[in-house]
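The values are calculated or read from the model by the stated rules, or taken from the named source; none is laboratory data. These numbers come from a predicted model, not from an experiment. As a convention, Cβ positions derive from the backbone with ideal geometry for all residues, glycine included, and neighbour counts pool all protein chains shown.
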Amino acid sequence: MTRLRTAIPGPRSLELSARRKGAVAAGVGSTLPVFIESADDGVLFDVDGNQLIDLGSGIAVTNVGNPAPAVAEAVHAQIDRFSHTCFMITPYEGYLEVCEHLNELTPGDHEKRSVLFNSGAEAVENAVKIARHTTGRQAVVVFDHGYHGRTNLTMALTAKNMPYKHRFGPFAPEVYRVPMSYPFHDGLDGVEAAARAIAAIEKQVGADNVAAVVIEPIQGEGGFIVPAKGFLPSVASWCRANGALFIADEIQTGFCRTGDWFASDHEGVVPDLITTAKGIAGGLPLAAVTGRAEILDAVHTGGLGGTYGGNPVACAAALGAIRTMRDRDLNTAARRIEEIVVPRLRKVAERTDVIGDIRGRGAMLAIEFTERTPDVAAKVAKACHEQGVVVLTCGTYGNVIRLLPPLVIPDEVLAEGLDILEGAIP
């Protein structure tokens with residue numbers, strides 16, 4: 001069906017873009033300069049009456065739909081009661097309920113505790129604080145191609161310079177980077193890749209100095225890199241043997257995105273701490289650190305928190321989102337998306353030499369182009385955008401197209417988006 005009434009961007013979006021230049025800092029970018037006024041499952045409606053197919057979900061945020069009815073209803077009900085008290089001043093039940101769900105849903109059957117924040121970067125930064133407090137050590141190990149946020153500490157943890165780190169230093173110290181398992185490029189199995197990383201840790205950092213190893217179970221901004229089987233369990237085992245905490249950054253992979261509640265579940269990896277955000281609250285800002293009770297309870301009272309962390313409206317949204325994930329079995333929905341998308345993309349890869357790899361899990365899927373520059377990926381993304389399909393690029397070299405459709409996207413909308421994507425690939 002025809003979804004576009006104007007060129008992309010349309011005249012009203014162009015008008016608003018001109019206003020934006022006089023109001024919004026130029027350092028804030030936008031992938032597609034189209035202003036949105038409403039949305040539905042898998043579709044964004046812009047101010048010019050165009051319907052855009054959404055294969056980005058606001059970077060894996062609107063997993064449950066946009067807006068999801070249960071989220072909207074919960075938000076409306078909460079905002080009518082009260083909007084804020086600060087949990088550190090006078091607490092409320094919604095915060096407790098979110099923590100109880102996180103303690104139940106995250107990997108492992110051990111006793112857990114959770115603490116709520118506003119953003120993924122804030123969650124990662126607090127996880128590092130907790131690890132240093134618990135272990136009495138300072139060194140933090142991260143991986144090539146990793147992305148963990150835009151605060152000073154999380155920029156230090158992040159690998160890619162432009163646009164995230166360029167001229168923003170100096171960065172936090174005691175951060176060490178080791179090789180990631182990258183099967184398409186290194187050819188190593190998971191155990192071999194883990195041995196390479198562990199050797200670097202032991203030689204360059206020293207096991208007794210490591211407070212934590214922080215890793216995305218599937219790397220996001222770095223290129224949707226899925227480590228070879230055995231890599232994550234091997235690294236987690238090394239952490240246990242050497243008194244370091246294994247921290248899983250599941251901010252992009254969490255909440256059914258990969259076909260499991262969390263990507264760590266795929267190989268039965270149980271993190272000491274897990275950071276979550278993005279898909280947790282159906283579009284409202286909320287994040288969390290969840291982990292072993294003895295670790296989180298060891299932090300002194302007042303050592304964790306924040307004015308807006310676990311805001312009651314965001315907590316209500318999270319409860320609605322989690323209910324939707326369960327009621328609609330969104331883990332199965334994510335696996336179904338993989339079953340639809342991957343065979344189609346592999347057929348495209350067979351007819352062209354510009355595609356090097358098709359990878360991902362669930363509804364977190366990627367195309368890596370053979371050229372290690374952003375040129376091909378940028379051209380494909382631009383062609384999709386002009387035809388009303390929102391796709392995102394990523395990767396250390398900018399040569400990856402990432403697909404993050406909402407888990408509730410209708411089959412026919414997904415198929416139409418894939419038709420346009422396929423047509424855009426040379």
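What to note about this one:
- Pair list, Cβ under 7 Å, 6 or more apart: region 231-251 residue farther than 17 Å from R292 by Cα, other residue among the small types (G, A, S) and in a loop (DSSP other than H, G, I, E, B): F231/S181; I251/A277
To keep it simple, each residue is scored yes or no on (1) in contact with a strand residue (DSSP E or B) (Cβ under 8 Å, 6 or more places away or on another chain); (2) at pLDDT below 95; (3) of a type in the set (D, E, K, R).
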site: A293; (1), (2), (3): yes, no, no
site: D297; (1), (2), (3): yes, no, yes
site: H300; (1), (2), (3): no, no, no
site: G303; (1), (2), (3): no, no, no
site: G306; (1), (2), (3): yes, no, no
site: V313; (1), (2), (3): no, no, no
site: A316; (1), (2), (3): no, no, no
site: R323; (1), (2), (3): no, no, yes
site: A333; (1), (2), (3): no, no, no
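- Matching entry among P163, P170 (being free of Cβ contacts under 8 Å to residues at least 24 places away in the same chain and either assigned by TED's automatic domain parsing to the domain that holds G310 or over 19 Å from the mean Cα position of the chain (by Cα) (or both)): P170
- Those residues of region 1-30 which are modelled with pLDDT under 95 and surrounded by 12 or more Cβ atoms within 10 Å (Cβ to Cβ), in sequence order: R3
- Cross-chain or 6+ apart pairs with Cβ under 7 Å, region 109-137 first and under 17 Å from G303 (Cα atoms) and touching a residue at least 12 places away in the same chain (Cβ under 8 Å), then of a type in the set (D, E, K, R) and outside any helix (DSSP H, G or I): R113/D297; V124/D249
- For region 355-366, the set of residues classified as touching a helix residue (DSSP H, G or I) at 6+ places or on another chain (Cβ under 6 Å) and either modelled with pLDDT under 95 or under 23 Å from V408 (Cβ atoms) (or both) consists of G362, A363, L365, listed by residue number.
- Pairs linking a residue in region 379-390 that is in contact (Cβ under 8 Å) with a residue 40 or more places away in the chain to a residue that is among the small types (G, A, S) and part of a helix (DSSP H, G or I), with Cβ atoms under 7 Å and 6 or more positions apart or on different chains, are V380/A424; A383/A424; C384/A424; V389/G417.
- The lone exception for G42 - which of (1) closer than 18 Å to L407 by Cα; (2) exposed (fewer than 13 other Cβ atoms within 10 Å of the Cβ) it fails: (2)
- Answer residue from region 52-109, given it is among the hydroxyl-bearing types (S, T, Y) and closer than 15 Å to A314 by Cβ and is surrounded by the most Cβ atoms within 10 Å (Cβ to Cβ) among those: T62
- Among the conditions (1) in contact (Cβ under 8 Å) with a residue 24 or more places away in the chain; (2) among the β-branched types (V, I, T); (3) farther than 30 Å from V408 by Cβ; (4) not in a helix (DSSP H, G or I), I295 misses just one, which is (4).
- Scanning region 218-273 for residues that are part of a loop (DSSP other than H, G, I, E, B) and acidic (D, E), we see that the one that is nearest to L330 (Cα to Cα) is D260.
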